[in-house]
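> Mind looking over this structure? Questions follow.
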Amino acid sequence: MSEFPTRAKVVIIGAGIVGNSVAYHLAQRGVRDVLLLERLQLTHGSTWHAAGLVGQLRSSSNLTRLMRYGAELYGKLEAQTGQATGWHRTGSLRLASSPARWQELKRSATMAKGFDFRVNLVTPREAKDLFPLLELSGVVGAAWIEGDGDVDPASLTMAYAAGARKGGVAIHQGVRVTGLKKRGRRVTTVVTDQGEIAVECVIDAAGMWGRQVAA
């Protein structure tokens, strides 16, 4: 077992899907001396409860671009890391059961078209052809997004972790963060049950425990 570190450039607290994604992307950008801490084991927090649905259409262009990037990445990660992600590109339907919701879907489709993201507006009958179990009562229209799908959150997290490790990230499990020391407004030390870590940057990715860590 490697010796517990006493310093790092970046410490990420929480090794769920968000913490591992941050670690992976820092490694991809060439950031070195990154340490990821998890109080239990990978995905043992709130990550494994997630449904894993990947819908790309959001209420803003930036969020939609972010979700598009994720859907594209999930299809490539297994080849990069050797770890399956459980990604299935199934497509999705967004249903409108009122004229107001239908107008909202049409506005979203127009916005998406502005950055080359294809959203197909379909009739209730076309929606039923795509999903035969659909009950058409009250359905005004629908948006069909072919590139949506689902992913296994635990497997995706493991793929991110594999990619992060390949990029030099150190992942330590079974480490509980008990405090943060500051100088002025800057966090300088992460206090754990296994020792203190001098740090330049701390990222709170503790999920449902994020507020507790920040406090």
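The values are calculated or read from the model by the stated rules, or taken from the named source; none is laboratory data. None of the values given here were measured: they were computed from a predicted structure. Here the Cβ positions follow ideal geometry from the backbone for every residue, glycine too, while neighbour counts run over all protein chains shown. Surface areas here come from the heavy atoms of the whole protein model, side chains and all, with no ligands, DNA or RNA. Shrake-Rupley method; radii C 1.70, N 1.55, O 1.52, S 1.80 Å.
> Determine which single condition Gly114 fails, assuming it passes every other condition in (1) without any contact (Cβ under 8 Å) to a residue 40 or more places away in the chain; (2) more than 23 Å from the chain's Cα centre (by Cα).
(1)
> Tally time: how many residues in the stretch 110-135 are open to solvent by less than 80 Å² (accessible area, probe 1.4 Å) and hydroxyl-bearing (Ser, Thr, Tyr)?
The qualifying residues number 1.
> Do you know which of the residues in the stretch 72-109 that are in a loop (DSSP other than H, G, I, E, B) and in contact with a strand residue (DSSP E or B) (Cβ under 7 Å, 6 or more places away or on another chain) is surrounded by the most Cβ atoms within 10 Å (Cβ to Cβ)?
Trp87
> Please specify each residue of the stretch 166-215 satisfying the condition of being outside any strand (DSSP E or B), open to solvent by 30 Å² or more (accessible area, probe 1.4 Å) and in contact with a helix residue (DSSP H, G or I) (Cβ under 8 Å, 6 or more places away or on another chain).
Hits for the stretch 166-215 are Lys166, Gly168, Gly207.
> Given the criterion modelled with pLDDT of 95 or more, among the hydrophobic types (A, V, I, L, M, F, W, C), surrounded by 15 or more Cβ atoms within 10 Å (Cβ to Cβ) and closer than 26 Å to Gly86 by Cα, identify the matching residue among Leu57, Leu42, Leu36.
After ruling out the rest, the residue left standing is Leu36.
> Still on this structure, please answer the following. Can you tell which of Thr47, Thr85, Thr81, Thr64 is more than 21 Å from Gly16 (Cα to Cα), of a type in the set (Ser, Thr, Tyr) and touching a residue at least 12 places away in the same chain (Cβ under 8 Å)?
Answer to the selection: Thr64.
> Out of all the residues in the stretch 20-35, is one or more under 13 Å from Gly174 (Cα atoms) and not basic (Lys, Arg)?
Among the residues of the stretch 20-35, not one is under 13 Å from Gly174 (Cα atoms) and not basic (Lys, Arg), which makes the answer no.
> Here is a list of conditions, (1) hydroxyl-bearing (Ser, Thr, Tyr); (2) modelled with pLDDT of 95 or more; (3) under 30 Å from Val31 (Cβ atoms), and Thr64 meets all of them except one; can you say which number that is?
Looking at each condition in turn, Thr64 falls short on (2).
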